[in-house]
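What follows is a set of notes on a single structure, which appears directly below.
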Amino acid sequence: MDEMKTIDFKTNDDGVAVLTIDVKDKPMNVITPQFLADMSEAIERIRDDSKIKGAVITSGKDSFMAGADLKALVDTFHERTNAAEVYAWCRGYSQSLRALETCGKPVAAAINGTALGGGLELALACHYRVAAMNPKSVLGLPEVQVGLMPGAGGTQRLPRLIGIEPALKLITQGRHVSLSEAVELGFVDKLVVAGNEIDEAREWVLAAEEATQTWDRKGFKVPGGAGLMHPASVQTFMFGTSLTQKMTNHNYPAPIAILSAVYEGTVLPIDKALDVETKYFVSLLMDPVSRNMARTLFVNKGAADKLVRRPKGTDKRPVTKLGILGAGMMGAGIAYVSARAGMQVVLLDTSSDKAEHGKDYSRELLQKRIDKGRTNADAARDILERIRTTTNFDDLDGCELVIEAVFEDREIKADVTAKTEAVIAGDAIFASNTSTLPITGLASASQRPDQFIGIHFFSPVDKMPLVEVIVGEKTGDRAIAQALDYVQQIRKTPIVVNDSRGFYTSRVFATCSREGIAMLAEGVNPALIENVAKQAGMPVGPLAVTDEVSLELSYHVMQQTKKDLGDAYEPTAADAVIAKFVESLDRKGKRFGKGFYDYPDGQKKRLWPGLAEHYPLADEQPSIDEIKNRLLYVQALETVRCMDEGVVTHVADADLGSVFGWGFPAYTGGTLSFIDTVGPAAFVREADRLAEAYGRRFAVPESLRAMADNGEAFYGRGSGAAQRSAA
Amino acid sequence: MTDAYIYDHVRSPRGRGRSSGALHEVTPVDLLSQVLAALRDRNELDTSHLDDVVIGCVSPVGEQGSNIARLAVLNADYAENVPGKQLHRFCASGLEAVNSASAQIMAGQSDLTIGGGVECMSRVPMGSDSGAMHADPAIAYKTYFIPQGVGADLIATKWGFKREDVDAYAMASQQRAANAWEKAYFDDSVVPIKDHIGMTLLDRDEHMRPGTTLDDLNGLKPAFEVPGTQAGFDAVALQRYPEVEAIDHVHTAGNSSGIVDGAAAVLLGNKETGKALGLKPRARIRGFASIGTDPTIMLTGPAPSAEKALKRCGMAAHDIDLFELNEAFASVVLLYMQRLDIPHEKINVNGGAIAMGHPLGATGTMILGTVLDELERRDLETALINLCVGGGMGTATIIERV
């Protein structure tokens, strides 16, 4: 008998075996090959040892169990293409759990903490579930969020326990539920005071009369009905499918696979049902979307959140007092997230009114949270007390970090930089939240350019997950470390990029808007442009987003860039359109009540009918794929140029920045993962065609052509977060 | 090829398809049996000569299940040797049954057949047979399924038919149907439906609202806005038709087909058998065709199926004297008129399903009979009968008087 390494197996005198799961060297219990082997061993022992009357399964860690080891999954299946092989590997855990519930002896789960994914599936395969009342515990099947689905009975046991509709809601959204909700839904049998869960489970085992699941008993029916002759179930699957399409635009295969697994599985006996589930799981695991999502949204994001780019050898220095210059929308948002993270915030503007107005933003957001019951008045008051408004630069004394968010004007920025540096300590860091002006230029106004850095937030600050840290020519490691420590404090995901016009995110994002506007100029039906952009997975169409940021701003950036670059400026097809809307049509964007769209009061925005007059529809309209490719390829190609120029230094940062910064579709994994997914060679062929048809913006950079020629990819074989050094 | 001739046809009146409807107490088998009995009796037909009875039915479950054709044959006291089969081409089932029954004659494998249809929508509600089309996630996803009403609204939006246009068409349908009943155009073909003790339950289409005004129609709520916006079907529609900015929900209960109960049957045969039985041919089946089109918008099949049938017959649209296209939704007819360049005076001249209702499996048979009667009344030659079909299909039949 092999020694179990991940399960402490103890049988008490009363005949109840207590299995305590503790996967060493992992912060949470995850499914490792060793755990799978140990679990099989444990189940055999429960079944075969006549002294054992039943079993209790619990965890030796704070949490009960998380699911699969995603990083291992990404690495394992990066190159595997044989479905039968993957199937054989995947069904192991599912079969193991089936063996557990049919071992003939009662088994109870003592859920001491959070149970997610494969961890919750283990609990669902037990005959009884008792949970410790721990306010931080959550339960859920979140696999869909990384393009996967439960693969060990989750899609079959949960609907059999609580009914199809509530189960689908949980599984297709990957939502975490509280313990009380789990009891209400019916998949946790009892809550007990923490510490009593094992005793409670043991008592249940000793008293249990049945050692079978309800679905293994004669006459079992899925609660609420299943199959297509059951009207409620028909409605659930019909609306489930339409809403899934609305949500995924056919880009994400997991939600529909979950619907199918539940639809097909719930009319089958459990063994066949589990097999159907495994097969859908395999199809998702082999789909590039799950790999892309797991890698970018989980593995690479996790690394960035742990500050993988932080320079070595600098001490961690959390910000205790933060200065913010300018209490406009960005400054106000930065103040809110920073005060919530526990920092003392000095919010400075030219008048107390303006500064207080900036603080009002926090007051409003906190009131909303109180109204929704997410916080209480005391906690909100504490946060507000941490925000001090002022007009006096002297109040910045003691700030470890000062972020300026004043008007995008070099002189104003230079002025506040000087005034600030006159007050703050010699080792304090000064950051600019500019989104358009190169950092190196701004740093020339600083007495200590090595302590000058860009921290680019996205709007609205409280909602957007990414922060782009911009390293100027003279920016030193301590400034980078300080910026990253701060981003971690406010719980956002940082990427680190080098200085350039528009940095990384604004620069690449603008290419998509410009491409959409160019299409309009060519006579492409504007509804087609907007709908296909959304269909491709962009959060809003290029015309709508240009209206949002305002045509006026695009116009000013364009003028500024022209001025800065002089002869080197390369005009785009969008320039004339933007100029026309601002100069002669006076349709400057949403803020002005009209742009590419009309904004009638109390109604949905509608494309301006006048577009057809100024840009008559071409007789021949492009295909959906042609528009999709233009919008996505132009962004991917600009990203490659950013890599070539050293603006972005890591593939993972390029992907993270695109997905979390401007909403490049997550199913692609990001702008560079997108190229890998298409396949570099195929991508280059299509880009060459697009360059021929539409111009140099689709020209393939030599680095990418070489990569395609050499059969390489951005993410090399088996590497979760491969790096490619800047050219 | 043997010619298939139409010798006669009858239909039931259409009862409102709900519990207050006059035909609600009649079982589907009984309803169909009464129609079959009437067709036999008025032609003094020795039914033992029938080679087959083909019946269209769209929800063939419950009391419409287990092959209602054979059961109605037995219940109507047809000869025991007469077989029956039920078929399903969604809304064109009643026409497809005529086509299929004709095809047996044309192929020389039958001499005398009946094609017909039945649907008691008050007793076996639409959708009772369920199906993978709308509710199997894999299928509905793959085909971008949306309900027909949203498809009809999509047609209206894409081809620019406004609410005024569809309402105006609906009002014309009501006026034409009222006029036809008033002038007794339908009297020869509609058989009263009776109860068990021989009292007449219904002898006239019950769904009509002859006094309908444009104001009445304009006051009705869009019927498909809720599923379109709240259940996500508009979004699905736009995924397939991204050139449309947003769907304009113009269809209402007033400009869509009504839910009713009804049955109909057509007697078909070759020349010799008809002659031997003393029957007089009224028209010849010139040809027919079905076609598949985009399943999402679902209702654009009529024009391509008409063109396919016309081509098969060596004809063009202008060779057709009268068109009969099922009024599933007003926009379906308006698009058809635009595509085939048909003036309103030549199509659905006695109204249609918007006024009188659409008993799913029976409608195709009914409108074929209606247009044949009208050809005779006007002394015209050719007609084309057409229906849009679920799953994205169209079925068309061309008849010619003899």
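See the values below:
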read-out	value
Top-ranked residue in segment A:269-283 [being surrounded by fewer than 23 Cβ atoms within 10 Å (Cβ to Cβ) and within 14 Å of chain B (Cβ to nearest Cβ); ranked as modelled with the lowest pLDDT]	A:283
Cross-chain or 6+ apart pairs with Cβ under 8 Å, segment B:348-370 first and of a type in the set (S, T, N, Q), then in a helix (DSSP H, G or I) and surrounded by fewer than 24 Cβ atoms within 10 Å (Cβ to Cβ)	B:348/B:176; B:350/B:176; B:350/B:179; B:350/B:180; B:350/B:374
Whichever residue in segment A:614-629 is in a helix (DSSP H, G or I) and within 14 Å of another protein chain (Cβ to nearest Cβ) and, among such residues, is surrounded by the most Cβ atoms within 10 Å (Cβ to Cβ)	A:627
Residue list for segment A:236-251, filter: over 24 Å from the mean Cα position of the chain (by Cα) and at the interface with another protein chain (Cβ under 7 Å from one of its Cβ atoms)	A:237, A:238, A:239
Search result, residues across segment B:105-154 that are of a type in the set (A, V, I, L, M, F, W, C) and surrounded by fewer than 21 Cβ atoms within 10 Å (Cβ to Cβ)	B:106, B:107, B:126, B:132, B:133, B:138, B:139
Answer from A:677, A:668 - the residue that is surrounded by fewer than 23 Cβ atoms within 10 Å (Cβ to Cβ) and away from chain B (no Cβ under 14 Å)	A:677
When residues of segment A:592-607 are limited to those that are away from chain B (no Cβ under 11 Å) and aromatic (Phe, Trp, Tyr), the one surrounded by the most Cβ atoms within 10 Å (Cβ to Cβ)	A:596
In segment A:512-536, residue nearest to the other protein chains (Cβ to nearest Cβ) [restricted to those that are among the β-branched types (Val, Ile, Thr) and crowded, with 24+ Cβ neighbours inside 10 Å]	A:532
Checking residue A:604 against (1) modelled with pLDDT under 95; (2) assigned to a helix (DSSP H, G or I), the condition it does not meet	(2)
Whichever residue in segment B:199-235 is under 28 Å from the mean Cα position of the chain (by Cα) and either within 14 Å of chain A (Cβ to nearest Cβ) or aromatic (Phe, Trp, Tyr) (or both) and, among such residues, is surrounded by the fewest Cβ atoms within 10 Å (Cβ to Cβ)	B:226
Elements of type helices (runs of 4 or more DSSP H) in segment A:481-572, at least 2 residues being without any contact (Cβ under 8 Å) to a residue 24 or more places away in the chain and either in contact with a Leu (Cβ under 8 Å, 6 or more places away or on another chain) or more than 23 Å from residue A:646 (Cβ to Cβ) (or both)	A:551-565
Complete set of residues in segment A:198-235 that are within 12 Å of another protein chain (Cβ to nearest Cβ), touching a His at 6+ places or on another chain (Cβ under 9 Å) and in contact (Cβ under 8 Å) with a residue 24 or more places away in the chain	none
Among the candidates B:361, B:391, B:351, residue that is within 15 Å of the chain's Cα centre (by Cα), at positive phi and assigned to a loop (DSSP other than H, G, I, E, B)	B:351
Residue B:89 at pLDDT 95 or above and either out of contact with any Pro (no Cβ under 8 Å at 6 or more places or on another chain) or on the phi > 0 side of the Ramachandran plot (or both)	yes
Residue match in segment B:267-275 (condition: touching a helix residue (DSSP H, G or I) at 6+ places or on another chain (Cβ under 8 Å), within 29 Å of residue B:7 (Cα to Cα), small (Gly, Ala, Ser) and not in a helix (DSSP H, G or I))	yes
Evaluation of residue B:248 against (1) part of a loop (DSSP other than H, G, I, E, B); (2) buried (at least 24 other Cβ atoms within 10 Å of the Cβ); (3) of a type in the set (Asp, Glu) (one fails), failing number	(2)
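The values are calculated or read from the model by the stated rules, or taken from the named source; none is laboratory data. Remember, predicted model here, so these are calculated numbers, not experimental data. As a convention, Cβ positions derive from the backbone with ideal geometry for all residues, glycine included, and neighbour counts pool all protein chains shown.
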